[in-house]
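The values are calculated or read from the model by the stated rules, or taken from the named source; none is laboratory data. Computed from a prediction, not measured in an experiment: that's the story for all the values here. Because the Cβ atoms are built from the backbone with ideal geometry, glycine has one as well, and the counts that use them run over all protein chains shown.
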Amino acid sequence: MVFGETRKMYSEFYGLTGKPFQLTPDPRFYFDSQTHRKAMAYLGYGLVQGEGFIVITGDIGAGKTTLVGHLMATIDRSRLNAIQVASTQVGGDDMLRLAAQGLGVRTEGMEKAQLLDRIERALHEQARQGKRTLLIVDEAQNLPISALEELRMLSNFQSGGTALVQIFLLGQPEFRDKVQSEASLEQLRQRVIATHHLDPMNADEVEPYINHRLKLVGWDGRPRFDAGAYAALYRHSDGVPRRLNTLMDRVLLLASVEGLDEISEATIDSAFGDMVADGHGASAAPAKEGTPLNGTVAEPAAGERSRISFGDRRPTAVPLPPQPSFAPDQALTRRVAALEARIEEQDAVLRRVLTLLVQWVERDGVGHQRDTRRNSAA
């Protein structure tokens, strides 16, 4: 029996209507963990601004693609034209062609100047139709400097003082490091208006995550999980969604083969041991703290993950890399000093984040109708 048929067997054994822990990202299984909820808040803030760059980073398997799928499923397509580009090792001109193709612009045989003209015309046409354009670029860590510069140039297109395109970049942690460290990307850094790093889930989020995915495929409480099972799942996955999915897939397979109605800590340990023997054990946990790309919108520190505080922001310590005693990192020292000098400015901006986010959430509901009536009365 092939492995796929065995998976089907455990779905049938437990009366499930589908595969709850498939590795292919599916927005239907989006789980609103604390880190994903914060990411959506920063996305909301960024989209309200309607300009510049939004940057979301995360380690492999952190749920970046699922986040984008959830965003695409919730946006109003009549007002936002969202274009997705999965980048590879493309240069600047190729990035322009990918963006043009997403806008429906033919690119064959066009020189760069003509291509830029066609892109700008297409963006103006979208604006005339009452639509903003959002360009979503995944795997941004693969982009060379030339491609990032072309994206920055695209962000210059505007009409009547309003940006014609906003750019959403997703990438692995090395992309954040590139943007922070490359001197040639200073202008791009200044245009990043919102940034967030996706952390792994907390230990207390594993149980609701597992239950959420199981319920979407008809889980009725069988199999049950004992008290130690969820702790073991967290211990072996470090809270990384993709690792957790891989482990749970193997756990359900093992449990169905053994005819179990209850999954224990021992079952989890056994399944993980099988994975290690097969060469699929989890690697070391990714770092859980992210560093803001600039001082515009800084994310909460790791110790504040249980809430988003917009009015009580304090600077977080920036760990210094190993340095020779005779050569302190002057650039890092200056950066810390600059961050400390801008704390009051950050507080004001972060308070504004909350206000704008509430407006964004309510603008299609009662809040929007109330504003409309107020404007009409005025």
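Of the candidates 107, 65, the single residue that is in contact with a Pro (Cβ under 7 Å, 6 or more places away or on another chain) and either in the same structural domain as residue 133 (by TED's automatic domain parsing) or over 19 Å from residue 196 (Cα atoms) (or both) is 65.
Identify, from the list 17, 57, the residue that is β-branched (Val, Ile, Thr), out of contact with any Asp or Glu (no Cβ under 8 Å at 6 or more places or on another chain) and either farther than 23 Å from residue 178 by Cβ or assigned by TED's automatic domain parsing to the domain that holds residue 254 (or both). Only one candidate passes the filter, namely 17.
Residue-level analysis places residue 240 among those that are assigned by TED's automatic domain parsing to the domain that holds residue 18, out of contact with any helix residue (DSSP H, G or I) (no Cβ under 8 Å at 6 or more places or on another chain) and touching a residue at least 40 places away in the same chain (Cβ under 8 Å). Pairs are defined by a Cβ separation below 7 Å, a sequence spacing of at least 6 or placement on different chains, a first member in the stretch 263-277 that is free of Cβ contacts under 8 Å to residues at least 24 places away in the same chain, and a second member that is in a helix (DSSP H, G or I) and surrounded by 15 or more Cβ atoms within 10 Å (Cβ to Cβ); the pairs so defined are 270/254. Residue 198 meets each of the listed conditions (1) closer than 30 Å to residue 40 by Cα; (2) out of contact with any His (no Cβ under 9 Å at 6 or more places or on another chain) apart from (2). Would you check if residue 316 is surrounded by 13 or more Cβ atoms within 10 Å (Cβ to Cβ) and at pLDDT 95 or above? Considered against the rule, which asks whether it is surrounded by 13 or more Cβ atoms within 10 Å (Cβ to Cβ) and at pLDDT 95 or above, residue 316 comes out as no. The residue that is modelled with the lowest pLDDT, among those in the stretch 258-278 that are over 28 Å from the mean Cα position of the chain (by Cα) and within 21 Å of residue 22 (Cβ to Cβ), is 278.
Within the set 135, 148, the sole residue that is in contact (Cβ under 8 Å) with a residue 40 or more places away in the chain, assigned to a helix (DSSP H, G or I), in contact with a helix residue (DSSP H, G or I) (Cβ under 9 Å, 6 or more places away or on another chain) and buried (at least 20 other Cβ atoms within 10 Å of the Cβ) turns out to be 148. Across the stretch 9-35, the number of residues qualifying as assigned to a loop (DSSP other than H, G, I, E, B), of a type outside the set (Gly, Ala, Ser) and under 25 Å from residue 257 (Cβ atoms) comes to 9. Would a scan of the stretch 182-192 turn up a residue that is in the same structural domain as residue 91 (by TED's automatic domain parsing), in contact (Cβ under 8 Å) with a residue 60 or more places away in the chain and either over 24 Å from residue 102 (Cβ atoms) or hydroxyl-bearing (Ser, Thr, Tyr) (or both)? Yes, the stretch 182-192 contains at least one residue that is in the same structural domain as residue 91 (by TED's automatic domain parsing), in contact (Cβ under 8 Å) with a residue 60 or more places away in the chain and either over 24 Å from residue 102 (Cβ atoms) or hydroxyl-bearing (Ser, Thr, Tyr) (or both).
Scanning the stretch 57-66 turns up no residue that is assigned to a loop (DSSP other than H, G, I, E, B), at pLDDT below 85 and in contact with a strand residue (DSSP E or B) (Cβ under 6 Å, 6 or more places away or on another chain). When 55, 85 are checked against the criterion of being closer than 20 Å to residue 174 by Cα, free of Cβ contacts under 8 Å to residues at least 60 places away in the same chain and of a type outside the set (D, E, K, R), 85 stands alone in meeting it. Has the stretch 89-108 got at least one residue that is in contact (Cβ under 8 Å) with a residue 12 or more places away in the chain, of a type outside the set (D, E, K, R) and in a strand (DSSP E or B)? Looking for residues that are in contact (Cβ under 8 Å) with a residue 12 or more places away in the chain, of a type outside the set (D, E, K, R) and in a strand (DSSP E or B), one finds none in the stretch 89-108, hence no.
For residue 63, the conditions (1) at positive phi; (2) over 14 Å from the mean Cα position of the chain (by Cα); (3) not aromatic (Phe, Trp, Tyr) are fulfilled apart from (2).
Could you tell me whether the stretch 258-280 includes any residue that is surrounded by 15 or more Cβ atoms within 10 Å (Cβ to Cβ), in a helix (DSSP H, G or I) and touching a strand residue (DSSP E or B) at 6+ places or on another chain (Cβ under 8 Å)? Checked against the condition, which is being surrounded by 15 or more Cβ atoms within 10 Å (Cβ to Cβ), in a helix (DSSP H, G or I) and touching a strand residue (DSSP E or B) at 6+ places or on another chain (Cβ under 8 Å), the stretch 258-280 yields no hits at all. The set of residues in the stretch 3-42 that are of a type in the set (Phe, Trp, Tyr) and at pLDDT 90 or above comprises 13, 14, 21, 29, 30, 31, 42. When residue 28 is tested against (1) touching an Asp or Glu at 6+ places or on another chain (Cβ under 8 Å); (2) more than 30 Å from residue 160 (Cβ to Cβ), exactly one condition is not met: (1).
Quick one: is residue 169 out of contact with any Gly (no Cβ under 9 Å at 6 or more places or on another chain) and touching a residue at least 60 places away in the same chain (Cβ under 8 Å)? Yes.
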